[in-house]
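In what follows, a structure is listed as structure tokens, so that the remarks can point back to it.
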Amino acid sequence: MLGTVLLLLALAKPACPSPASVASRRAEALKKLLEVFGMEGPPAPPTHFKQPPQYMVDLFNTVANADGVTKNPDILEGNTVRSFLDKTHSEEMRFLFVLSSVAKNEKILTAELHLFRLWPRVTDGPKRHHFCQVSVYQVLEKDKPDTPGGKKLLAARLVSLQTSGWEVFAITPAVRDWTEDESSNQGLLVTVQGLGGSPLHPPPLQFASGRGHHESKKPMLVLFTDDGRRGASLPTAGFPGGSHMPGMTPSLGRSRSTRSLDRLQPCQRHPLSVDFEEIGWSGWIISPRGYNAFHCKGSCPFPLGENMRPTNHATVQSIINALKLSEGVSSPCCVPDKLYSINLLYFDDDENVVLKQYDDMVAGSCGCH
């Protein structure tokens, strides 16, 4: 995958192209780059300024550093996290999430309903409840959700009435049903009851709805999925210590003499900037603004030292090449021997915010292979 990126960036700046050739090669290169990111075309930027959910921003900052490089590959469950906002915009505790953007090949690992708990209402009288029972149901019959066969219990627990903040409920079975049969998606119903299951009128607990509340508190569905796209060429790892990577210096055109000098330098890693604003993707990518893919170049001369991180095969090949024991055997090549994944936080075509992890995108170190 990293090799594809390097090829595209090399193609993007031919020596003396015509304007038509530049446009054609650029379009072809960007199409190939989109394929690396698992997309047929770039998502349309939001029609108006839209703030991504803070949960998704915080999750990105947890799994990736400022350049998007994964801190620890084991933090994220699967390789994709999708967020959906409620489409009902109702004051009632009925919620509907449209999941049409979930790909057929995505495996649903975990689905969570995120509801923001408001401060409880002040009630009259000496009796004050400290807890209530909140239940989340999958609606089976849209017009009869209160009948015994009209809903299915997904989650239930006691919730304190002394605080406000986010409550998260696991609703994985319902989402798996909806992704297998889109017509079965009749939404969710949330109820608030007393400790013994008795109704409370009015309910002392309310959750923020799609209407009348700040966008940061809107009901949200979060899906953790895996699309099966996994790198297998080299060992991957989180970026050491999650630290900030070196500056992203563009690789500009170089003279023939400079390139010849490069071949005399020992195998090592060099910067390679991928700037999303420069290639026209800044409208839909939230973070990062770009990243340093790095690339490997330099010679692998005989004898190969340990500093060149050679494989046993490369060492043997270097010996055969130096002794001319066999025709047509070249010296080992300077290539990445460790690759890191990166994360993108972006708006999809439905203006939902997605966090996606891509393997084999950054050359972590170079060696002679």
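The values are calculated or read from the model by the stated rules, or taken from the named source; none is laboratory data. Only a predicted model underlies this, so the values are computations on that prediction, with no experimental measurement involved. Positions of Cβ are generated from backbone atoms using ideal geometry, with glycine treated the same way; all protein chains shown enter the neighbour counts. When the accessible area is computed, the model is the full protein with side chains, heavy atoms only, and any ligands, DNA or RNA have been set aside. Shrake-Rupley method; radii C 1.70, N 1.55, O 1.52, S 1.80 Å.
With 0.36 nm allotted per residue and the present C-alpha distance subtracted, the His313-Val36 stretch has 96.8 nm of extension available. The loop-placed chymotrypsin sites (Phe, Trp or Tyr not before Pro) in segment 298-352, going by DSSP, include none that has at most 10 neighbouring Cβ atoms within 10 Å of its Cβ.
Note on Glu28 and Glu92: the model spin-label points, each 7 Å out from Cα along the C-beta direction, lie 5.7 nm apart. A simple rule links phi to the HN-Hα coupling: the Karplus curve 6.51 cos²θ - 1.76 cosθ + 1.60 with θ = phi - 60°, which for segment 155-165 gives 7, 7, 6, 7, 10, 5, 9, 9, 9, 10, x Hz, with x for Gly and Pro. Of the trypsin sites (Lys or Arg not before Pro) in segment 276-342, the ones in a loop by DSSP (not H, G, I, E or B) with at most 15 other beta carbons within 10 Å are Lys324. A simple spin-label model places the labels of Asp227 and Glu77 2.0 nm from each other, with each point 7 Å out along Cα-to-Cβ. Carbon-plus-sulfur accessible fraction, segment 33-99 (probe radius 1.4 Å, protein heavy atoms only): 54%.
What are the residues whose amide H is under 5 Å from the amide H of Thr311, where those residues sit 5 or more places off or on another chain and H is modelled from the backbone? Sorted by chain and number, the residues that satisfy this are Cys368.
Rounded to the nearest Hz, the phi-derived 3J(HN,Hα) couplings of segment 66-76 under the Karplus curve 6.51 cos²θ - 1.76 cosθ + 1.60 (θ = phi - 60°) are 4, 8, x, 6, 4, 6, 8, x, 8, 5, 8, where x marks glycine and proline. Among 216-222, 102-108, sorting by the average number of other beta carbon atoms lying within 10 angstrom of each residue, highest first, gives 216-222, 102-108. Amide H to amide H distances under 5 Å link Ile286 with Leu345, Tyr346, Phe347, where only residues 5 or more positions off or on other chains count and H is placed in the peptide plane. Measuring against 22 Å, Cα to Cα, the residue pairs Lys31/Lys107; Lys87/Lys144; Lys87/Lys142; Lys87/Lys218; Lys50/Lys217; Lys71/Lys218 contain Lys31/Lys107; Lys71/Lys218 as the ones spanning a longer distance. Counted residue by residue at 0.36 nm each, then reduced by the alpha carbon distance between them, the extension gain from Ser183 to Asp275 reaches 29.0 nm. Among 352-364, 306-318, sorting by the average number of other beta carbon atoms lying within 10 angstrom of each residue, highest first, gives 352-364, 306-318.
Here r is the Cβ-Cβ distance between His130 and Lys104 and R0 is 41 Å; the resulting FRET efficiency, rounded to 0.05, is 0.35.
Along segment 21-37 the Karplus relation, 6.51 cos²θ - 1.76 cosθ + 1.60 evaluated at θ = phi - 60°, assigns HN-Hα couplings of 5, 4, 5, 5, 5, 5, 4, 5, 5, 5, 5, 5, 5, 4, 4, 4, 8 Hz to successive residues, with x for each Gly and Pro.
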